[in-house]
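Heads up: the structure comes next, in structure tokens.
The values are calculated or read from the model by the stated rules, or taken from the named source; none is laboratory data. Predicted, not measured: the structure shown is a model, and the values here were computed from it. Please note: Cβ atoms are built from the backbone with ideal geometry, for glycine as well, and neighbour counts cover all protein chains shown.
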Amino acid sequence: MVDPGRRSPHTRGGGPLATDDFQTAQQVFSELNDRLRADPQKVAGTNAAYLFDLTGDGGGPYHIVLQDGSGEAGPGAVENPNVTFTMSAGDLVGLRTGKLDGTMAFMSGKLKIKGDMGLAMKLQTFFG
């Protein structure tokens, strides 16, 4: 989903969070939101709404909306998403930190994808 080698601009104790420091879905989406705002041209030409239906501790609905060269990610649902991802909040953190492989998560049923598979794959290219 996101390059495991990149560091987040978020801080803990005065320094940046390393990718293996992510512990919550909120941290993951906050970092994604910062990346979208820092480089909006990366998503230029893509108009899509993604819903993440996260289960378990720290779960709930989260979204990514890409529209006209801008993007926004955060908590809350979005109406009529193009793609819905269903997984545990812990598995999302595992994907972000590189401890869980996306293909293996999908094949094992830990990650379910509903909707436009092309847009689902495209999301990986934006953050991978």
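Return the residues of segment 111-124 that are more than 15 Å from the chain's Cα centre (by Cα) and not in a helix (DSSP H, G or I); say none if nothing qualifies.
Our first condition is that a residue be more than 15 Å from the chain's Cα centre (by Cα); within segment 111-124, this holds for 114-118.
Correct list: LYS114, GLY115, ASP116.
Take the residues of segment 25-65 that are touching a Ser or Thr at 6+ places or on another chain (Cβ under 8 Å) and at positive phi: which is surrounded by the fewest Cβ atoms within 10 Å (Cβ to Cβ)?
Among residues in segment 25-65 that are touching a Ser or Thr at 6+ places or on another chain (Cβ under 8 Å) and at positive phi, the one surrounded by the fewest Cβ atoms within 10 Å (Cβ to Cβ) is GLY56.
Using the structure shown, decide if GLY98 is out of contact with any strand residue (DSSP E or B) (no Cβ under 7 Å at 6 or more places or on another chain), crowded, with 16+ Cβ neighbours inside 10 Å and either within 23 Å of GLN23 (Cβ to Cβ) or of a type in the set (A, V, I, L, M) (or both). Explain how you work it out, then say what you get.
Working: out of contact with any strand residue (DSSP E or B) (no Cβ under 7 Å at 6 or more places or on another chain): yes; crowded, with 16+ Cβ neighbours inside 10 Å: no; either within 23 Å of GLN23 (Cβ to Cβ) or of a type in the set (A, V, I, L, M) (or both): yes.
Spelling it out, it is not the case that GLY98 is out of contact with any strand residue (DSSP E or B) (no Cβ under 7 Å at 6 or more places or on another chain), crowded, with 16+ Cβ neighbours inside 10 Å and either within 23 Å of GLN23 (Cβ to Cβ) or of a type in the set (A, V, I, L, M) (or both).
Tell me the residue from THR86, THR103 that is touching a strand residue (DSSP E or B) at 6+ places or on another chain (Cβ under 7 Å) and either at positive phi or of a type in the set (S, T, N, Q) (or both), please. Don't jump to the end; show me each part of the working.
Values: THR103 fails: touching a strand residue (DSSP E or B) at 6+ places or on another chain (Cβ under 7 Å).
Exactly one of THR86, THR103 is touching a strand residue (DSSP E or B) at 6+ places or on another chain (Cβ under 7 Å) and either at positive phi or of a type in the set (S, T, N, Q) (or both), namely THR86.
Please find, within segment 101-128, the residue that is surrounded by the most Cβ atoms within 10 Å (Cβ to Cβ) out of those that are among the charged types (D, E, K, R) and at pLDDT below 95.
Start the filter on segment 101-128 by keeping residues that are among the charged types (D, E, K, R), which leaves 101, 110, 112, 114, 116, 122.
When the remaining residues are screened for being at pLDDT below 95, the result is 101, 122.
Values: ASP101: 13, LYS122: 17.
Step by step, filter segment 101-128, then rank; the result is LYS122.
Could you list all residues from segment 81-128 that are touching a residue at least 40 places away in the same chain (Cβ under 8 Å) and among the polar types (S, T, N, Q)?
Of everything in segment 81-128, those that are touching a residue at least 40 places away in the same chain (Cβ under 8 Å) and among the polar types (S, T, N, Q) turn out to be THR97, GLN124.
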